[in-house]
Structures are given as structure tokens and as C-alpha cells.
Number of protein chains: 2
Amino acid sequence: MSTKNKILDAADVLFADKGFNGTSLREITSQANVNLAAVNYHFGSKKELIKAVMSRYMDELSPQLESALALICQAERKPSLQEVFYAFIEPLLKLNEFKENGTSTFLQLLGRGYTDSQGFLRWFLTTQYPDVFTNFTKAVKKAYPELSTEEMFWRLHFTMGTIVFTMSSSEALIDIAQNDFNNQLDIAGVIERVIPYVAAGVAAPITNYN
Amino acid sequence: MSTKNKILDAADVLFADKGFNGTSLREITSQANVNLAAVNYHFGSKKELIKAVMSRYMDELSPQLESALALICQAERKPSLQEVFYAFIEPLLKLNEFKENGTSTFLQLLGRGYTDSQGFLRWFLTTQYPDVFTNFTKAVKKAYPELSTEEMFWRLHFTMGTIVFTMSSSEALIDIAQNDFNNQLDIAGVIERVIPYVAAGVAAPITNYN
DNA sequence: AGCCAGTTTAAACACCCGTTTAAAATAGCG
DNA sequence: CGCTATTTTAAACGGGTGTTTAAACTGGCT
């Protein structure tokens, strides 16, 4: 395997686990069995490595996500909100074929990107992959047309927060479910449980604010 | 003002903004106009300072929170989920009297505690202030008795994630609402919008998992 | 074989971190 | 005032960080 990929494979696990700021290049390179200087030689800087880690996942995910959402947008029938959210599941779970534990690793990375480093990754994602966001907004609008654009903005942000936060602590949650409730779950099980929650949240009745 | 309080005041804003790991003692002490060594003199270590910052808020909040929830638990009438969540609003907003921007600062800190430093703060909160959590669980159970303990555990965690994640980026959100929707909000406005969402999420119909 | 672009390596760089030290300044009190 | 205990201060400590350097090594080409 190429040095570049060895670095990427070691980096995304460590980044997901301990955050971008919490992971040093020395940890990454020793885990990957490559020289410390290799990161700067192949990627230029730590910041660029972070972008490369995210891009590798997004480039795999976004085409599938877009086509799944496009299918909903182009259909004649009005979709349910559950349907819209389930459109994410298959592409997300396919990341497990792309890389071992790919799904949870990616979602954890997404969470890290929102909280670490004062949101530069949020900027990176929304500018590099804007179509995913607009298609998602369209699909939700089709499923729940009464929702104003502003209200939808809020509820989609709440949804993003729920997913991202849940996934960034998914390992601990799976442990708790195992110990306290004797229920052995995997990442798909967590997703199954969060979808009804966020779908109901987005579908909440419209309230008037004073 | 005492050196101790100068440090606490500077620390919680910086911690909320940039995370615990992302904030150095040198930043804190220079912001507070005190000597670098003062932190270790008055608090012992950085870790103890973090605990002190959180304790200052929790000691202010938890008694009010507990009594508000106890009121619901002791009432004869079955409460609605919205009611349970609204019980948080008043105590939380009172933190603004306790300290400028106290509400959002505290909620941001809560979010940091969940994602930074691999959850040692989560342990700190649940062991130091367990009554808040048990009272909350009781109140929700009273409002929605059909929900199993496990399902409730999941949904309350999702709720925590939504709140915490929303608040840790509340400033950016308020800016967007101002620019894109010409809607001037404060922290109370954000809370008003998130409550219907989480209440609907917790109230979601029970699904059977295969 | 000789050459050379591409890659790897060990070492060093400059900087920031949390913590500790010991001396200096301050405040409280008999 | 003079003594003591508390607090503040500047400086240093040991260690970790991302990045850079220049030399060594590779594999493929003529």
C-alpha cells in the first residue's frame, strides 16, 4: 500500500477518535509505520491532511447521496420525511465496504469537524459539496411544503446536530446499550433509532413565535 | 474582584469558544490580567480549573432545575412533554443574570465537555449532579409512560445532542438568521425553536426494530 | 553502468504547552 | 511597627507540537 494511503488510513481513525487537535502527526505516522516527515511531503501540512481525509469520504459518498435524493425530488409522489432521511442510510452504510468501520468513522469525523477548529471544516464541506445540501433541502421541502424556509433551516440544523453528536459518542452509547440494557447494537442500530427521532422533530407542528 | 474569579470569568468564555484543549493557560491568564502561575496556585491544575468552571454554573443551576422538575413529578396531572422541556427554560435563562451571556456560555461548555477530553466531564457531571438526571428521567416517564427505559435513554441522548450542538454554534446561527431571514434572535429565541423539535422527537411513535 | 526524479529518513528547528520554583510583594494582625 | 501568612511575580523546566532541512535511498530509464 502507498505511503499516502497508509497515512490516510491511520489518520482518519485517530482523528475520529481523538479529534483533529487532539491527534499529533507523530501518533499518525507511527501508527501508519511511516516517517514523520511523510505527512508534510505528501500533503503539505496537517490542515491539508485533514481536508484529504474528509475528501476521501465525501468523494465516495456525495455522488450516491445526490442520486438518492434526486430520485426523491424527481418522483411525482409526495415523499414522507422518513423516506427522505432513509435515503441517507444506504449510501452511508456503503462506506463500510469502502473502509472497515467506514460509516461510524466518517460520521465521527463529521462531528469533529463541526466542533474542532472553530468550524473551518463546516466551511470546507458547504463550499466543496454544496449540491448535497441543496438537494436535501429540496427533498425535505417536497415532503413538508408547509414549512417555511427559515423554519426548515433551523430544523435541519437541529437534525445535523443530533446525528453528528450522537455519532461522535456512538462507541460509548453502544457500550451502555450492551451493559445496561443487554442489547447488542452496531452503528446501523444506532442509525435506526435516531431516524424516527429526527423525522418526528422535523415534522413537528409549526408554532407561532411572539 | 478576586484573582480566582478573574480567572474563572476569563476561562469560561475562552473554554466555551475554543474548547478545553484548545485554550491555553497563557491565553486565560493574559485575558484575566493575572500571572500565569495563578491558575496552578489557586486551582492546582488545568483539569481542576475546568471542574471549577463547570461547578460554578452547575451549583447555580441544579437547585432551580431540580425544584422545577420536582414540581412536575409531584403534580397529580399528567404533564405534556413540552411542559417538561419548558421546565428547563427559566432556570437556564436565569444564568444570564448570574453572568453576562451565561446561558449560551454554559450550554456551549456543556457541549465541549461531551466532545473534548474523551468524556471525563460527562463522568464529572453525572457523578456530581446525578439528581438532575434522575429527576428529568422521572418527569419524562410521567409524560410518556409507554416509552421503555432503553428507548428513553436513546431519545434523551439525542435531545442532549441537539441542544448542546445547537448552542455550541448558536452565535453563527443567530448571524445566519439575521442575514438570510432578517430575523433578529437572541439565545431565548433559539431555545424557543429547539424545544418543539426535541419534544416532537422524544414523542415520536414507538417503532419495532428487527 | 550512470543518471535522475521521486521518495524516505534522521535530525534539528522554533515555538507553545502545563507545571514548578524561589524570590518579591502584599495584607492581616498582635 | 514588626512579624507572619498569603498571594503575586518572573523565570525556568521538561516535554510535545508542526514544520524544515539535507543527506540517503529507491526504482526506472537511456
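The values are calculated or read from the model by the stated rules, or taken from the named source; none is laboratory data. Bear in mind the structure is a predicted one, so any value in this text is a computation, not a measurement. A quick note on method: Cβ atoms are made from the backbone with ideal geometry, for glycine too, and the neighbour counts reach across all protein chains shown. We work out accessible area using only protein heavy atoms, side chains counted, and drop any ligands, DNA or RNA first. Shrake-Rupley method; radii C 1.70, N 1.55, O 1.52, S 1.80 Å.
Just to be sure I understand: if I project the alpha-carbon convex hull of the protein assembly as shown onto a plane and average over all orientations, what area do I get in nm²? Could you put the intermediate results ahead of the total?
On the way: hull surface 89.4 nm².
Directional mean of the projected Cα hull area for the protein assembly as shown stands at 22.4 nm².
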Problem set entry | Estimated distance in nm for a label pair at A:GLU171 and B:GLU192, the labels positioned 7 Å out from Cα along Cα-to-Cβ | 4.2 nm
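For chains B and A, what's the summed buried accessible area, probe 1.4 Å, to the nearest 100 square angstrom? All intermediate terms of the calculation are to be shown ahead of the outcome.
Details: alone 11580 and 11570 Å², together 19170 Å².
Interface area, both chains combined: 4000 Å², rounded to the nearest 100.
Mind checking the mean number of beta-carbon atoms from other chains within 10 Å of the Cβ atoms in A:146-155?
Values: counts 0, 0, 1, 2, 7, 4, 0, 6, 11, 5.
Going residue by residue through A:146-155 and averaging, the value is 4.
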Seminar exercise, completed: Mean-square fluctuation maximum in Gaussian network of chain B, Cα pairs under 10 Å, restricted to B:ASN35, B:ASN96, B:ASN183, hits B:ASN183
For this session: With a point put 7 Å past each Cα toward its Cβ, work out how far B:ASP180 is from A:ILE89 in nm, to one decimal.
Result: 2.8 nm
Exercise. D for segment B:51-202, whole µm²/s, Stokes-Einstein with Kirkwood Rh over alpha-carbon pairs at 25 °C and 0.890 mPa s: what number?
Worked result: 152 µm²/s
Problem set entry | Relative contact order %, segment A:53-202, counting alpha carbon pairs below 8 Å whose residues are six or more apart | 31 percent
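Which value, in Å², gives the accessible area per residue of segment A:44-134 when a 1.4 Å probe is used on the protein heavy atoms? Working shown, then result.
Working: 4300 Å² over 91 residues.
For segment A:44-134, the solvent-accessible area averages 47 Å² per residue.
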Exercise. In segment A:53-202, how many lysine pairs have Cα atoms under 29 Å apart, counting only pairs 8 or more places apart or on different chains?
Worked result: 7
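Using the Kyte-Doolittle scale, find the helices of chain B whose mean hydropathy is at least 0.5 and whose Cα atoms extend 18 Å or more along the helix's long axis, counting only whole DSSP H runs.
Numbers: long enough: B:3-18 (22 Å, -0.12); B:46-74 (41 Å, 0.05); B:81-98 (28 Å, 0.54); B:102-115 (20 Å, 0.06); B:130-143 (20 Å, -0.29); B:149-168 (28 Å, 0.35); B:187-202 (22 Å, 1.50).
Correct list, ordered by number: B:81-98, B:187-202.
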For this session: Please report, as a whole percent, how much of the solvent-accessible surface of segment A:160-206 comes from carbon and sulfur atoms (probe radius 1.4 Å).
Result: 48 percent
For this session: Could you name the aspartates and glutamates whose alpha carbon sits less than 18 Å from that of A:LYS4, not counting residues in the same chain fewer than 8 places away?
Result: A:ASP12, A:GLU27, A:GLU48, A:ASP59, A:GLU60, A:GLU100
